[in-house]
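**Student:** Okay, handing you the structure first.
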């Protein structure tokens, strides 16, 4: 892979994967070294929706015509990676490597009259301590373990992908919900082993975030709210070598509903993936399977109001090639499937979200990349009803 593109992807991995390695603006500060890092990315997106607002697919990523039968719209927004400003401090004390990371993610646009009411995210606040002889411990809010590698190896991390939506949103979706479940940002206590000739493993307990099953409208007219009533458990084993890496990860949660009827279910998932490089050619293959884990975000549409879990599965294939100009060309196909629960009849429930992405990512400078992407999303319900949205995105992403 071209070194400039590799640096951009590494920077994206830094801010999403929350490595404590220095990569930004380095400031010595007494016993500490402060790393100020982040990115600004902006895309103009031209969208077209092929189906009417009366088409119901609960859980669809594809959009629809607006109430005035307008099937086209445009937006200026960030892509999958939000604009980012992060601060990481590192030091060595009492034979321990110690660090902290705090970051914020402001929006680059708004859709109100003044443009002032845009979303600002706060995705990271954690500390780490450890040593290469025994590993490290992370405590605080950071990217989840399960499906973390899926998003970090998604080429639309430098672009838009699915969920292109309207202006003013915090981010788009990339391949979330059309190839992998969102790993999300979770309070966690995670232990990572030392590197054993390329092998590493991590295990963590995570915050029991709330999930909402919006396809069920029988409860208070607003859907089933489900609460994860114990710590989640997530883990991963990875082997890295000269040509790339392979990994397997998993997650286990237990959820209960807000009906007061004692409804509860397990939400579990496992995945496997590989990211390989052969000269200028890069290939990624990824697959996941879940029971009660739902689709898009973890637990979303994962069970019925009676607490009967739904099966889900999906994955994506991706190929990129760097041409002599340094431009990385890529194509990806992703799908997320959802099954009805045993005994369930729910015609409008999502059956699948499918995505095609074709992209070009050109390093204009060491830190600045120009991006062009075409994304097509098809969402189909259990009864065969479907929606389709297509979008062309043009923009740039700058890392520092």
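Read the figures in this text as sums done on the coordinates, not as results from a lab. Owing to the predicted nature of the structure, the values given are computational and were not obtained by experimental measurement. Cβ: placed from backbone, ideal geometry, glycine included. Neighbour counts: every protein chain shown.
**Student:** How long is the gain from residue 266 to residue 152 if the chain were fully straight, where each residue apart is worth 0.36 nm and the alpha carbon distance is subtracted?
**Tutor:** Using 0.36 nm per residue and subtracting the Cα-Cα distance, I get 38.4 nm.
**Student:** Could you state the principal axis extents of the C-alpha atoms in the chain, from the largest down, to the nearest angstrom?
**Tutor:** 60, 49, 45 Å, listed from the longest principal axis down.
**Student:** Remind me, relative contact order of the chain in percent, using alpha carbon pairs under 8 angstrom and six or more residues apart?
**Tutor:** 18
**Student:** Give the distance, in whole Å, between the Cα centre of segment 96-137 and the Cα centre of segment 173-187.
**Tutor:** 17
**Student:** If you average the alpha carbon positions of segment 228-303 and of segment 360-400, how far apart do those two centres end up, in angstrom?
**Tutor:** The distance from the Cα centre of segment 228-303 to that of segment 360-400 comes to 24 Å.
**Student:** Also, quick follow-up: Set the Förster distance to 22 Å, then compute FRET efficiency between residue 396 and residue 33 from the Cβ-Cβ distance, nearest 0.05.
**Tutor:** For residue 396 and residue 33, the calculated efficiency is 0.15.
**Student:** Oh, and also: Could you check the spin-label model distance between residue 191 and residue 71? Points 7 Å from the Cα along Cα→Cβ, value in nm.
**Tutor:** Inter-label distance under the simple model: 5.7 nm.
**Student:** Applying a 10 Å radius around every beta-carbon, put 307-315, 147-155 in order of their mean neighbour count, most first.
**Tutor:** For the peptides 307-315, 147-155, the packing ranking is 147-155, 307-315.
**Student:** Which FRET efficiency, nearest 0.05, do residue 241 and residue 133 yield, Cβ-Cβ r, R0 25 Å?
**Tutor:** Efficiency computed from Cβ-Cβ geometry: 0.65.
**Student:** Looking only at 361, 286, 239, which one moves most when the chain is put into a Gaussian network model with springs between Cα atoms under 10 Å?
**Tutor:** Checking each option, the largest mean-square fluctuation is seen for 239.
**Student:** Mind ranking 334-340, 161-167 by how tightly packed they are, going by the mean number of other C-beta atoms within 10 angstrom, highest first?
**Tutor:** Sorting 334-340, 161-167 by mean packing, highest first, produces 161-167, 334-340.
**Student:** Can you compute the modelled spin-label distance between residue 95 and residue 56, with each label point 7 Å from Cα toward Cβ, in nm?
**Tutor:** Label at residue 95, label at residue 56, 6.5 nm between them.
**Student:** Now for a separate question. In a GNM of the chain with a 10 Å cut-off on Cα contacts, which of 383, 116, 291 has the highest mean-square fluctuation?
**Tutor:** 116
**Student:** Given the options 328, 366, 132, state which has the largest fluctuation in a GNM of the chain using a 10 Å cut-off (strictly under) for Cα springs.
**Tutor:** Of 328, 366, 132, the most mobile in the Gaussian network model is 132.
**Student:** Additional query: Starting from the Cα of residue 276, step 7 Å along the direction of its Cβ; do the same at residue 112; then give the gap between the two resulting points in nm.
**Tutor:** It is 5.1 nm.
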